[in-house]
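The values are calculated or read from the model by the stated rules, or taken from the named source; none is laboratory data. On a predicted model such as this, the values are computed, not experimentally measured, just so you know. Note: ideal-geometry Cβ built from the backbone for every residue, glycine included; neighbour counts use all protein chains shown. For accessibility, only protein heavy atoms count, side chains too; no ligands or nucleic acids. Shrake-Rupley method; radii C 1.70, N 1.55, O 1.52, S 1.80 Å.
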Amino acid sequence: MALARYVPILLSLSKTFLFPGAESCRCLYGDSCWPNETAFSTLASQLSQPLVYPVPPASACYSSTTAGSCSDVTANFRNATWRADQPGALENINFETFMFPNGTIDACYLNVSLGFTCKQGSVPSIGVDARSVADVQAAVTFAKRHNLRLVIKNTGHDYLGRSAGRGGLMLWMHHLKDKSYDASFIPQGAPSGAKRTYNAVTLGAGVQWNEAYDFVQQQGRFVVGGISVGGSVGAAGGWVMGAGHSAFSPLFGLGVDNVLQFTIVLADGTFLTTNAYQHPDLFWALRGGGGGTYGVVISVTYQTHPIFPLTTLGLVANLTSPEIAQNVVTEFVKFHPNFSSAGWGGYGAISSSIQVLLVAPNVSLSDANEIFVPFVDFVNNATGGAVQTLALEIPSFADWYAAFISPSTTSQVGNRVEIASRLLPRTIALNDPAKAAKIMLSIEGGVVFNSVAGGAVSSVDPSSTGLNPSWRGALAEVYVTESWPDGASATTILQAIDRLKKNTDVLDQLTEDSGSFLNEGSLHERDFKKSFFGSHYSKLKDIKTKYDPTSLFVVVSGVGSDDWDKDLRCRVG
């Protein structure tokens, strides 16, 4: 009984000593602690651009006073480039919504006939449109001073919802579009006797891969980057900090293997340059330790490579029986180490059919066929000739990208989708390909695979970057998805999530370490630290504590998020 009178004091002390310099809960929009109009006016006076007031894009269809027209929204709703230009749009629209514990859903649906009111959901109500380092510093300082949840957003491409945050302050990086090329780049702080120089490109945080590719092509060079329809993924943000995979990674390495330098604003507002010579621990962590965690990246410098010709190869075959499917997919898994070791990569899917698109850089058609034709012959025999193939020599990456990726009429955005992935180990492909095939074929609806590892990716020392070491022993990423329609009830959504969890457990049988790709991972991992970061988690967290001691930067399933509740509002423990 006597102890009870001291509980309030103990709680107060716990805030002071357990989390020095930080409140135990963030101040969110609508709270009494939220900064007043005068405070935001002061912030605005420090910025190069007016404050922005993001809204879900579909809101234009509910009110004539909302910026934008409903016809424009409807026409572009599944256009990734258009969505990236809207501060309130996420590429996967389920992350624009918010579900309360009682199952109530706060959302703004494009289909107004559903009869719901348009709500703000998880889209922050106010933000900073950053155009300079000073803008970023002002936003970071303001968020820290007022104990706000800071939400860093560029294009909104994300499968974990890290570019959204209900009640937070958005830091919109989309307009930091600086690009420069240096044929004799030397990282800052390199010893005076350093002789190695790089053909390098430096990209601002808002540059997207379609813009980066055009710029680098103008220099007569190639850069390892993201491959997505329209090329709207950011080139200097979460893509590289989560790994940065590409169909060309088996020859040139992942994005993290091609980074030479970052510039970054830290939680205390400091702007610094980090590379192998300056703040090397932070440089290590930024290469695989996840975006939105250590600071606000302003730019990334990548090494570039000479332009090369390539051969692209494709195969589509119907799998008309379980036996045929098992035989064909087993053969594909067996085939995988051969083409990865040769520096080939690509993409595909396995369900009632198998679809494969591969690229073989610096390989002639005749040489490529020596590796590819035996697999084609096997599939032809197994399916009775029900196979379509493609084999083309292409002059350059730019020509391949323009023909196969950039002009596609399909869309990868504007959907309500969650995803779960596992990294396919080389060991299972070599030792038990039939098991791998059986696991993938057991998943209703099929799996998608990204053949983006092996080769050069496997040759890198796992300890050299903060990336999950599972990548270095992998050949590919295999993933599954679940989705639901506009207006779905909480029950329907939770049922989809339950199916995703069960399929994650199935995929997990491919691995011994539950290794997953952070940027295309599940919100519902049993142990996100193990799956996304592996044995590097402890070191990554120590580095985060060093550079962000009050944990201003927190994202879903990110390093240090285990210190916060599921809404990332209040500290736990």
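Per-structure values
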{"read-out": "Beta bridges by DSSP in the chain, antiparallel share as percent, to the nearest 5", "value": "85 percent"}
{"read-out": "Computed over the chain: relative contact order in percent, which uses C-alpha pairs under 8 Å that are six or more apart", "value": "15 percent"}
{"read-out": "Computed E for Asn380/Asp565 - FRET, C-beta separation, R0 56 angstrom, nearest 0.05", "value": "0.50"}
{"read-out": "Gyration tensor verdict on the range 496-573 (Cα atoms; rounded if a/c is under 1.5, prolate if a/b is larger than b/c, oblate otherwise)", "value": "oblate"}
{"read-out": "Accessible area of Lys119 in the full protein assembly, 1.4 Å probe (Å², nearest 10)", "value": "90 Å²"}
{"read-out": "Inverse of mean 1/r across different Cα pairs in the chain, Kirkwood, Å", "value": "24.7 Å"}
{"read-out": "Accessible surface of Asp281 - all protein chains present, 1.4 Å probe, nearest 10 Å²", "value": "40 Å²"}
{"read-out": "Relative contact order (percent, whole number), the range 199-292, Cα cutoff 8 Å, 6+ residue spacing", "value": "24 percent"}
{"read-out": "Global form of the range 348-464, assessed from the alpha-carbon gyration tensor, a/c cut-off 1.5", "value": "rounded"}
{"read-out": "Solvent-accessible area per residue for the chain (1.4 angstrom probe, square angstrom)", "value": "40 Å²"}
{"read-out": "Residue-level accessible surface for Trp82, protein heavy atoms, 1.4 Å, Å²", "value": "40 Å²"}
{"read-out": "For the range 319-381: rounded, prolate or oblate by the Cα gyration tensor [a/c cutoff 1.5]", "value": "prolate"}
{"read-out": "The chain - percent of accessible surface contributed by carbon and sulfur, probe 1.4 Å", "value": "52 percent"}
{"read-out": "Nearest-ten-degree value, helix 537-547 long axis tilted from longest Cα axis of the chain", "value": "40 degrees"}
{"read-out": "Distance between modelled label sites at Asp72 and Ser341, nm, 7 Å Cα→Cβ extension", "value": "5.5 nm"}
